[in-house]
Amino acid sequence: MTIATLISISDFGALVEDAFHPETPVVSSSESELGQPLQHFATPVEILAKAKHCIEAGIHNYAFGLWYPSMKGGVLERKVVLDPPREGESFRYSMSGWGIIYLHLYVTPPNTLQCRVAVNSEARARSREGRYPEMGATSEWDWRVVETYAFRLTRRLASMGRTVPVVNG
């Protein structure tokens, strides 16, 4: 079961502001829209605008991927071929990287967000390294830094609300 924290859009804005300190992350959508490139977000304002758009457009599930330069490692944008095509599109892109920190949003009408932080542990990444050689070596990542950022964001999120099982409807 996946657990998320119930927060408001303003709480999400505060969380994203915190994510940009003390270091500015590279942020993109974890998956692109069908047939489109990944969206990139340079500021907390852009990320908050996307979250508001998700609420307004009825997009129930969206994830941002965060990579901090001090984590080292590498970010891979891969093209995913859809077979069979969906909605007339044959591909989408996804963001991958052993230590990428994902910030998942699940929109619960009318305006509540269920939010969670997800990241691989070093042990989990190492156990999968042989299956995904295109992602490079897990040893290229500074796992202490990955864990520090993930813990910081998780702790901040936990202080904002109560946790519940994710309801994605």
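I'd like the distance separating the alpha-carbon centroids of the range 115-169 and the range 63-111, in whole Å.
Rounded to whole Å, the Cα centres lie 14 Å apart.
For the ranges 80-90, 130-140, what's the packing order if you count other beta-carbon atoms within 10 Å of each residue, average per peptide, and put the highest first?
130-140, 80-90
Taking the Cα centre of the range 1-50 as origin and charging only Cβ (+1 Lys, Arg; -1 Asp, Glu), how large is the dipole, in debye to the nearest 20?
Dipole size: approximately 80 debye.
So what is the orientation-averaged projected area of the range 23-160, using the convex hull of its C-alpha atoms, in nm²?
9.1
Taking all pairs of different Cα atoms in the range 30-90, averaging 1/r and flipping that mean, what Kirkwood radius in angstroms comes out?
13.7
Just want the answer: with Cβ charges of +1 for Lys and Arg and -1 for Asp and Glu, which residue in S28, A150, I55 is farthest toward the dipole's positive end in the range 23-160?
Sorting the options by dipole projection puts first A150.
Could you compute the net charge surrounding Q114? Neighbours are other residues with a C-beta less than 15 Å from the C-beta of Q114; K and R count +1, D and E count -1.
Counting the neighbours of Q114, the net charge comes to +1.
I need the fraction of alpha carbon pairs in the range 66-107 separated by more than 12 Å, rounded to a whole percent.
For the range 66-107, the share of Cα pairs beyond 12 Å comes to 67 percent.
Report the FRET efficiency, 1/(1 + (r/R0)^6), for R155 and A123, where r is their Cβ-Cβ distance and R0 is 35 Å, rounded to 0.05.
0.95
Any idea what the dipole of the range 23-160 comes to, in debye rounded to 20, about its Cα centre with Lys/Arg Cβ at +1 and Asp/Glu Cβ at -1?
That gives the range 23-160 a dipole magnitude of about 420 debye.
Add +1 for every Lys or Arg and -1 for every Asp or Glu among the other residues with Cβ under 14 Å from the Cβ of D142, and state the total.
Surrounding charge for D142 is -2.
Among P84, P109, S159, which residue has its Cα positioned farthest towards the positive end of the charge dipole of the range 23-160, with +1 placed on the Cβ of Lys and Arg, -1 on the Cβ of Asp and Glu, and the dipole taken about the Cα centre?
S159
All other residues with a Cβ under 15 Å from the Cβ of V164 taken together, and with Lys, Arg as +1 and Asp, Glu as -1, what is their net charge?
Residues near V164 contribute +1 overall.
Can you give the Rg/Rh ratio of the range 107-158, where Rg is from the C-alpha atoms and Rh is the Kirkwood radius?
Answer for the range 107-158: 1.13.
Any read-out appearing in this document is the output of simple, stated calculations on the displayed coordinates, not a laboratory observation. If you're wondering where the values come from, they're calculated on a predicted model, not measured in any experiment. Methodologically, a virtual Cβ is constructed for each residue, glycine included, from the backbone with ideal geometry; neighbour enumeration extends over all protein chains shown.
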